[in-house]
Amino acid sequence: MNATLTLPWPPSVNHYYRHVGPRVLISKDGRRYRETVAAIARRAAIPTFRVPVEVEIDLHPPDNRRRDVDNSLKCTLDSLTCAGVYEDDSLIRKLTATMMRPEPPDGLATIRISEHEQTETRGAGGAGPPVP
C-alpha cells in the first residue's frame, strides 16, 4: 500500500507549541494545521497504515529564508497521526526529509508513505544480529 499527499507548509516546531503557565499545549496554528491535514486525508480516502512505514517528505518552503529541515517534521508527522494516516508515528521505520526549492507564496509539503520492507543486514564483518 502506498499513499501520497500534498499538504500546506507546516508550522515549525517553534510555532507548534505554546507555554501556558507550567503546561505545554499545541498552538492555535498547530491545531488548525492538524484539522487541515485531517480534511485532506479524508478527501484522499487514505486508508490507515497499521504496519511499519517509510515516509518521504519533500518540503517546499514559501520563500528563500534559512530554515532547519527538522523544524517542520514534528507538526507534519503528528498531524498525519491525528488524521489516521498511520496508527502511530512509532510505526515510522524510515524517514527522509528533503528541503526543495521554494514554492511561493505559501509553500507546501509532499508526503509519500509506503509499507516498510524489512531487510536483514549484519554488522561489521557479518557478525551480530540483524539490524532493524
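Values quoted throughout were computed directly from the atomic coordinates according to the rules given, and no laboratory measurement underlies them. Please read these numbers as outputs of a predicted model, since none were measured by experiment. Positions of Cβ are generated from backbone atoms using ideal geometry, with glycine treated the same way; all protein chains shown enter the neighbour counts.
For the options T48, T96, T81, a Gaussian network treatment of the chain with springs between C-alpha atoms closer than 10 Å singles out T96 as fluctuating the most. Label positions at V20 and E54, each projected 7 Å from the Cα along the C-beta direction, are separated by 4.1 nm. Considering only Y16, L80, I92, and ranking their Cα positions along the charge dipole of the chain that arises from unit charges at the beta-carbon of Lys, Arg, Asp and Glu, the one farthest toward the positive end is Y16.
Among Y86, Y33, Y17, the largest mean-square fluctuation in a Gaussian network model of the chain (Cα springs under 10 Å) belongs to Y17. Per residue, the chain reaches -7000 deg cm²/dmol at 222 nm when only DSSP H runs of four or more residues are counted, each adding -39500 (n - 2.57). With R₀ set to 22 Å, the beta-carbon distance separating T98 from A39 gives a calculated FRET efficiency near 0.30.
Across the chain, how large is the tail of the calculated P(r) beyond 22 Å, expressed as a percent of all Cα pairs?
That tail contains 43 percent of the Cα-Cα pairs.
Counting neighbouring Cβ atoms within 10 Å and putting the fewest first, the residues S90, S72, S79 line up as S90, S72, S79.
A DSSP coil position with no more than 10 other Cβ atoms inside 10 Å describes the following trypsin sites (Lys or Arg not before Pro) in region 1-92: R65, R66.
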